[in-house]
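The values are calculated or read from the model by the stated rules, or taken from the named source; none is laboratory data. Just so it is clear, the structure is predicted and the values come from calculations on it, not from any experiment. Cβ placement follows ideal geometry from the backbone for every residue including glycine, while neighbour counts extend to all protein chains displayed. For the accessible areas, the whole protein counts, side chains as well, though only heavy atoms, and no ligand, DNA or RNA atoms are used. Shrake-Rupley method; radii C 1.70, N 1.55, O 1.52, S 1.80 Å.
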Amino acid sequence: MGYDLSRLRQVSDQVAVVGVGDTDYAKDYEAARVARQEGREEIGALDSYGLAALAFRRALADSGLKKEDIDGIAVGGPVVHQRVCEILGINPVWGIEGHQSDILLPLAVQAIASGACTTVALIYGNAQRSMGTRYGGGGIGSDQPTSYYYYHPWGWSSQGAHYAMMFKAHQLMYGSTEEQLGTVSRTIRKHAMLNDNAVMKTPISEDEYNNARYIARPLKIYDYCLVNDGGVAIILTTKERAKDLPKTPVLVSGFGRATAEIGATQLRDRMFDLYHEVLKQSGDQAFAMSQMTTKDVGHFQTYDAFSVHLPINLEGFGFCKPGEGLEYIQDGRIEIGGELPCNTSGGMLSESYMQSWNHQVEAVRQLRHEAGRRQVEDVQTSMFCHHGSGGAFSIMYRRGN
Amino acid sequence: MTERRPNRTLGPDHDTFWAYCNQGEFRLQQCNTCSKIQWPPTPMCNECLSDEFTWTPMSGRATINTYCTFERPYYKECPPPWEAILVELEEGPLFMSNPKGFSVEGKERGTPVKVTFLDCEDDAGPFKLPVFELAD
Ligand SMILES: [Zn+2]
């Protein structure tokens, strides 16, 4: 039962990210803001497919490959696989759609390592701001059996409320404070200020955080991610092919996936355990596969739809003990130049809400040492992690040569 | 006073849950084979795969696990500030609900509460909604 570590290890470091591309998050968001001020509709120039296509073109140029080299395509966001392939003019021999990057990227690695295809483009496009996508209330997730579905008559709604309850549970169990939590959003904003393409680049002072309005108490507006338009593409191929390409390859060293689907609507693993057990299982797999430990992680990219993700992931993946995540992040520890730089491009709280996709791009840029003003000095490894409805996901990257 | 609420989930098994609520009874499905109690309603026991259940009365006693307060509107029927609590029933399951007659602010995990019913209404008609008040 479960994964076979010896076979997983054969896949470790065999597949490389060779191209990344993203869209103009900051420019597009600013255009939407101006439109709102002028009383026009906030519709961007590109829809989800246009954003996906632009990101792909940029990733392809970054990789040095030709369109004809792509034989696998995985798509995420509100775009359909078939139509994306048609727009790109590619008939792939391998493909899948409908997940976040933390699920798709390991699947692509497995497809390449098994010989099902040789070079995969992972593509995401989401014009969520232009489309007026709503998360919560009668919006996304309300019409199917997710953790909202059965609880409408009690007014229960939104992912944010789940994280508000999780942070309240953390407070009730460990005595953590809102002021401590503020360090997450304030630090990640500081990082975004070093990224011209980040949507939010004004600093958040302690006072501004502490006095910000609540959305679902105890979480404030700054604890919530953005909603903006954008696209991301990531190209993977074999380690051998990567040697002939222009950019330093970034090897996928490991990945982990553990689930707590049983009780997902009951919220038991979320609220009683803050997912610590599934996070640990996911981390155990990724660390063992990559033959790394927490001490080897030079750069940490956490899914940050809500600030609460960061302390809970640090606790669950073993960077600190349960309950100590908010103490751990104080005093510059997660800043660039600190012990464990986190979400160095601004994450989803400040760079762009690309639902885990922009995190992979930043990990790659850091490991290629092309992150400019926000470069983590001589960084060799990066870890991405995510927990969400019912599961915990992790990816380990290593700089190739 | 009847409160307007967002629509219930209705259908097989859900209808039975709400029918008991409407009689002022708080009952959940209990597996006839392995005794596991299920919430939300399910077509099959996820412990032993049996599909035979008895709708067993719960004691109504519970403790507060965690909570939050919606400070912006998500449903027109639920104006902010709107408090939600997750309680742990004495029999084990967690139950998402609302506090009645008290505010969650400053409440500790483990605070004892007990079930009561609110007269409510949605698109499908009037119904009784299980909510929780502080236990004596
Ligand atoms: Zn059973």
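Here is how the numbers come out for the structure above:
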{"quantity": "Relative contact order [Cα under 8 Å, 6+ residues apart], the range B:3-134, whole percent", "calculated": "25"}
{"quantity": "Cα centre as origin, Lys/Arg/Asp/Glu Cβ charges: chain A dipole, Debye", "calculated": "280"}
{"quantity": "Candidates A:Ala108, A:Ala169, A:Ala198: whichever shows maximal mean-square fluctuation once chain A is modelled as a Gaussian network with Cα springs under 10 Å", "calculated": "A:Ala169"}
{"quantity": "Relative contact order (%) - chain A, alpha-carbon pairs under 8 angstrom, separation at least six", "calculated": "23"}
{"quantity": "Proximal charge balance of A:Asp273 [Cβ under 11 Å; K/R count +1, D/E count -1]", "calculated": "0"}
{"quantity": "Cα-based Rg of the range B:3-134 normalised by 2.2 N^0.38 Å, two decimals", "calculated": "1.09"}
{"quantity": "Inter-centroid distance (Cα atoms) of the range A:231-282 relative to the range A:1-77, Å", "calculated": "17"}
{"quantity": "Furthest towards positive pole of dipole, B:Asn32, B:Pro81, B:Thr54, structure part the range B:3-134, Cβ charges", "calculated": "B:Pro81"}
{"quantity": "Given charges at Cβ of Lys, Arg, Asp, Glu: the range B:3-134 dipole, positive-most of B:Phe117, B:Phe127, B:Cys21", "calculated": "B:Phe117"}
{"quantity": "Rounded percent of accessible protein surface that carbon and sulfur make up, the range B:3-134, 1.4 Å probe", "calculated": "48"}
{"quantity": "Low-density loop cleavage sites - trypsin sites (Lys or Arg not before Pro) in the range B:1-92, where at most 13 other Cβ are within 10 Å (DSSP)", "calculated": "B:Lys76"}
{"quantity": "Residue-wise HN-Hα coupling along the range A:119-125, computed from phi with Karplus coefficients 6.51, -1.76, 1.60 (Hz; x: Gly, Pro)", "calculated": "9, 10, 9, 9, 10, 10, x"}
{"quantity": "Extension gain from A:Glu261 to A:Thr248, taking 0.36 nm per residue of separation minus the Cα-Cα distance", "calculated": "0.9 nm"}
{"quantity": "Net charge over other residues, Cβ less than 10 angstrom from the Cβ of A:Leu60 (K, R count +1; D, E count -1)", "calculated": "+2"}
{"quantity": "Point-to-point label distance, B:Arg72-A:Glu42, nm (Cα→Cβ direction, 7 Å offset)", "calculated": "1.0"}
{"quantity": "Separation of the B:Ala124 and A:Arg33 label points, Cα + 7 Å toward Cβ, nm", "calculated": "4.6"}
{"quantity": "Those residues of the range B:86-114 for which accessible area with every protein chain present is at least 20 Å² below the isolated value (1.4 Å probe)", "calculated": "B:Leu86, B:Glu88, B:Leu94, B:Met96, B:Glu105, B:Arg109"}
{"quantity": "GNM result for chain A, Cα springs below 10 Å: residue of A:Ala16, A:Ala26, A:Ala264 fluctuating most strongly", "calculated": "A:Ala264"}
{"quantity": "Peptides ranked, highest mean first, by Cβ atoms within 10 Å: ranges B:42-55, A:308-321, A:59-72, A:78-91", "calculated": "A:308-321, A:59-72, A:78-91, B:42-55"}
{"quantity": "Residue-normalised accessible area of the protein assembly as shown, expressed per residue, 1.4 Å probe, Å²", "calculated": "40"}
{"quantity": "Farthest toward positive dipole pole in chain A [+1 Lys/Arg, -1 Asp/Glu at C-beta], among A:Ala35, A:Ala286, A:His276", "calculated": "A:Ala286"}
{"quantity": "Net charge contributed by nearby residues that have their C-beta within less than 13 Å of A:Glu335 (K/R +1, D/E -1)", "calculated": "+2"}
{"quantity": "Theoretical FRET efficiency, 1/(1+(r/R0)^6), r = Cβ-Cβ of A:Met1 and A:Ala61, R0 60 Å, to 0.05", "calculated": "0.85"}
{"quantity": "Full-extension gain in nm, A:Asn91 to A:Thr202, via 0.36 nm per residue minus C-alpha separation", "calculated": "35.6 nm"}
{"quantity": "GluC sites (Glu not before Pro) within the range A:317-347: DSSP coil, no more than 16 neighbouring Cβ in 10 Å", "calculated": "A:Glu324, A:Glu339"}
{"quantity": "Residues of type aspartates and glutamates that B:Lys128 reaches as a straight line, Cα spacing below 17 Å, ignoring anything fewer than 8 places off in the same chain", "calculated": "B:Glu3, B:Asp13, B:Asp15, B:Glu25, B:Glu77, B:Asp119"}
{"quantity": "Area hidden from solvent between B and A (accessible, protein heavy atoms only, 1.4 Å, total, Å²)", "calculated": "3200"}
{"quantity": "Kirkwood hydrodynamic radius (C-alpha pairs) into Stokes-Einstein, the protein assembly as shown, 20 °C and 1.002 mPa s, D in µm²/s", "calculated": "88"}
{"quantity": "Orphan Cys of chain B, criterion: no other Cys C-beta under 4.7 Å", "calculated": "B:Cys21, B:Cys68, B:Cys78, B:Cys120"}
{"quantity": "Inter-label distance for B:Ala135 and B:Trp55, nm, one decimal - labels placed 7 Å from Cα along Cα-to-Cβ", "calculated": "2.4"}
{"quantity": "Residues whose placed amide H lies under 5 Å from that of A:Thr119, excluding near-sequence neighbours", "calculated": "A:Asp71, A:Gly72"}
{"quantity": "Carbon + sulfur, % of accessible area of chain A - ligands and nucleic acids excluded, 1.4 Å", "calculated": "47"}
